[in-house]
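For reference, the structure is listed below as structure tokens.
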Amino acid sequence: MNYKKAKTILKFVYSYPYEETLLRLASLKPTKIHHKKGFRKAKIVQGIWNEYEKEVLDLYRSIYKIKIPEKSIKVYVSLVAPNSFSNPFTISLKRWSDIEANPRSKRGFIYAVIHELAHYFAYTRGKSTYFNKFYARVQKLDVLGEHGANLHYLIQAVEFGIIGEVFGHKYAEYCRNWVIKNWKDNEYGKSAKLLKKHKVSLNKTCLEYIDKFSFGQNGKIDE
């Protein structure tokens, strides 16, 4: 499959030793076929991401009110990691084996990158940045009674907001409601449920919306 070549910041790479470690942790045997597939998948997802990077990063610049001076951000690709995470920046393709041909899998992959970027830009920017100052307020109020849910109240607001801008409102709404339904007992479901209750906008105004409409006159989150 031929993808448009573009100069991008996120560089998706497959690491032989990293994947071998993940395979052994999962009690799986490393094989040449697995590694060959991993290198090929890294090239495929790079091509998919290239189509969205400029729009997504511009949205982060706007929502987080930050500059992105990095010329390159390395993102590891794994075929077996149980989930994706931001440090080390890793995207698991375990659930998207058909990513080459399935539009839904391609969107799922982009959603995962958007989510981990929300974490990445929060963790790699100073405490005085807009997001981190806002997060400190939310954490101090202990909005949802636990650290992870408090954090994801903002992380997921950004994730769903960017999905809404890139793919449209119905996709962002479906994604948010899917999280509520399928992860209702963990921090993701709890935070998504509160976002829906507060009718947080599914676009780039998401954080400004929370700041303006979710905080009551006493400065506390309205529940």
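Values in this text are rule-based calculations from the coordinates and carry no lab data. Note that this is a predicted model, so its numbers are computed, not measured. Cβ sites come from the backbone with ideal geometry, for glycine too, and all protein chains shown count toward neighbours.
Once you've got the GNM for the chain with C-alpha springs shorter than 10 Å, pick whichever of Ile68, Ile162, Ile33 has the biggest mean-square fluctuation.
Comparing Ile68, Ile162, Ile33 in the GNM, the peak value goes to Ile33.
Where does helix 103-123 land angle-wise versus the long Cα axis of the chain, in degrees 0 to 90, nearest 10?
Tilt of helix 103-123: around 60 degrees.
Positive end of the charge dipole of the chain (Lys, Arg +1 and Asp, Glu -1 on Cβ, about the Cα centre): tell me which of Thr129, Phe89, Thr8 has its Cα farthest that way.
Projecting each Cα onto the dipole axis, the largest value belongs to Thr8.
May I ask you to list the lysines whose Cα is less than 19 Å away from that of Lys140, ignoring any residue fewer than eight positions away on the same chain?
Hits, sequence-local ones excluded: Lys127, Lys190, Lys212, Lys220.
Evaluate the charge dipole of the range 89-130 about its Cα centre and quote only its size in Debye, nearest 20, assuming +1 on the Cβ of each Lys and Arg and -1 on the Cβ of each Asp and Glu. Write out the running numbers ahead of the final one.
Numbers: 7 positive and 3 negative charges, 27 e Å.
Dipole size: approximately 140 debye.
Using only Cα atoms, locate the centre of the range 117-169 and the centre of the range 50-83, then give the distance between them in Å, rounded to an integer.
Between the Cα centres of the range 117-169 and the range 50-83 lies a distance of 15 Å.
Enter the angle in degrees (range 0 to 90, nearest 10) between the Cα long axis of helix 53-64 and the first principal axis of the Cα atoms of the chain, meaning the one along which they spread out most.
Between the helix axis and the principal axis of the chain, the angle is about 30 degrees.
Helix 32-50 against the longest principal axis of the chain: what's the angle in degrees, Cα atoms only, rounded to the nearest 10?
Around 50 degrees separate the two axes.
If I histogram all Cα-Cα distances within the chain using bins 5 Å wide from 0, what percent of pairs lands in each bin?
So the P(r) values, bin by bin, are 1, 7, 14, 18, 19, 16, 12, 8, 4, 2, 0, 0, 0.
Please enumerate, by chain and number, the aspartates and glutamates with C-alpha under 17 Å from the C-alpha of Lys43, excluding those fewer than 8 residues away in the same chain.
The qualifying aspartates and glutamates are Glu19, Glu51, Glu53, Asp98, Glu100.
How large is the charge dipole for the range 34-180, taken about the Cα centre, if only the Cβ atoms of Lys, Arg (+1) and Asp, Glu (-1) carry charge, to the nearest 20 debye?
Numbers: 23 positive and 13 negative charges, 80 e Å.
The dipole of the range 34-180 has a size of about 380 debye.
With viscosity set to 1.567 mPa s at 4 °C, what whole-number translational diffusion coefficient in µm²/s follows for the range 117-199 from Stokes-Einstein and a Kirkwood radius over Cα pairs?
Values: Rh = 13.0 Å.
This corresponds to a translational diffusion coefficient of 100 µm²/s.
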